[in-house]
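Engineer: Sharing a structure, written as structure tokens. Questions coming.
The values are calculated or read from the model by the stated rules, or taken from the named source; none is laboratory data. Treat the numbers as computed from the prediction; the structure is a model and nothing was measured. Backbone-built Cβ (ideal geometry, glycine too); neighbour counts: all protein chains shown. Please note that ligands, DNA and RNA were not included when accessible areas were found on the heavy atoms of the full protein model with its side chains. Shrake-Rupley method; radii C 1.70, N 1.55, O 1.52, S 1.80 Å.
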Amino acid sequence: MKELVTGFTGQDIVRADGNVRAIDPARLVGQRIEAIHTWGKHLLIETAEMVVRVHFLLFGTYRINEGREGKTPRLSIETAKGDVLNLYACQVKEIDRATYEAYDFSADVMSDSWDPKKARKKLRANPDMLACDALLDQDIFSGVGNIIKNEVLFRIRVHPLSTVGALPAPKLRALVEEARQYSFDFLEWKRQYVLKQHWLAHAKRTCPRCHIPFKKAHLGTSNRRSFYCENCQKRYI
């Protein structure tokens, strides 16, 4: 989406509507889109007068220059050039400038501003955090979701209930590096419609390394599904 919405920057909004209640979309009409940013599942639309934050939650979708049949967008924006951005099943709200400026784009694992050193520093500042929670912490790994969490931990052979502070330096570095690398792999495989073919752990029953059953449990404060091998994924505590 980040790539597809770049062209909206600098365009004037001539129509804005939808079933959104948190803002009056008519306020956007006549304004120029100064910038559009993505941060994990957040889309930030900045104009001179306001900043609109779109959170795609679990099931949010978008369409550019087309709609979803029978579906009313949460927010629909049309520009003077005729480009249309339709947003569905998402949360739309206005945020103040202080909140907007507080966004740390260096935490976005797919951003050019990504800073692995800062990610490692944040991890070291939370030694009691579980590895399964750390990867889902959007302030550290913005954009990483549950599938990536499971695949990264399996690839670096770390048990999801390991504590961040107990990880050896090489494992901590591997966790940060693999989170970014797998995110780019994820995108490429999704574009090729072969994503599931590359899953080694997520939603699998048997460990491909040890050929024993995977453990499946809802772990951590995030309480998200984890798939892991008790044999080859070491628990650091």
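Engineer: For region 108-125, name all the residues that are in a helix (DSSP H, G or I) and either among the charged types (D, E, K, R) or on the phi > 0 side of the Ramachandran plot (or both).
Structural biologist: Answer for region 108-125, where residues must be in a helix (DSSP H, G or I) and either among the charged types (D, E, K, R) or on the phi > 0 side of the Ramachandran plot (or both): K117, K118, R120, K121, K122, R124.
Engineer: Sort out which residues of region 131-154 are open to solvent by 10 Å² or more (accessible area, probe 1.4 Å) and of a type in the set (S, T, N, Q), and write them in order of number.
Structural biologist: If the condition is that a residue be open to solvent by 10 Å² or more (accessible area, probe 1.4 Å) and of a type in the set (S, T, N, Q), then Q138, N146 are the ones that fit.
For every residue, the table says whether it meets (1) within 18 Å of T9 (Cα to Cα); (2) surrounded by fewer than 20 Cβ atoms within 10 Å (Cβ to Cβ).
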site	(1), (2)
I45	yes, no
E49	yes, yes
F56	no, yes
T61	no, yes
R68	no, yes
D83	yes, yes
L87	yes, no
K93	no, yes
D104	no, yes
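Engineer: Failed condition for K215, given (1) open to solvent by 60 Å² or more (accessible area, probe 1.4 Å); (2) under 27 Å from L57 (Cβ atoms), with all others met?
Structural biologist: (2)
Engineer: Next up: Taking region 106-125, which residues are at pLDDT below 95, out of contact with any helix residue (DSSP H, G or I) (no Cβ under 8 Å at 6 or more places or on another chain) and open to solvent by 20 Å² or more (accessible area, probe 1.4 Å)?
Structural biologist: Result: D112, single match.
Engineer: For R157, all conditions in the list (1) of a type outside the set (S, T, Y); (2) crowded, with 16+ Cβ neighbours inside 10 Å; (3) on the phi > 0 side of the Ramachandran plot hold save one; what is the number of the exception?
Structural biologist: (2)
Engineer: Follow-up. Hey, D128 hits all of (1) in contact with a Gly (Cβ under 9 Å, 6 or more places away or on another chain); (2) open to solvent by 70 Å² or more (accessible area, probe 1.4 Å); (3) assigned to a helix (DSSP H, G or I) but one; which does it fall short on?
Structural biologist: (3)
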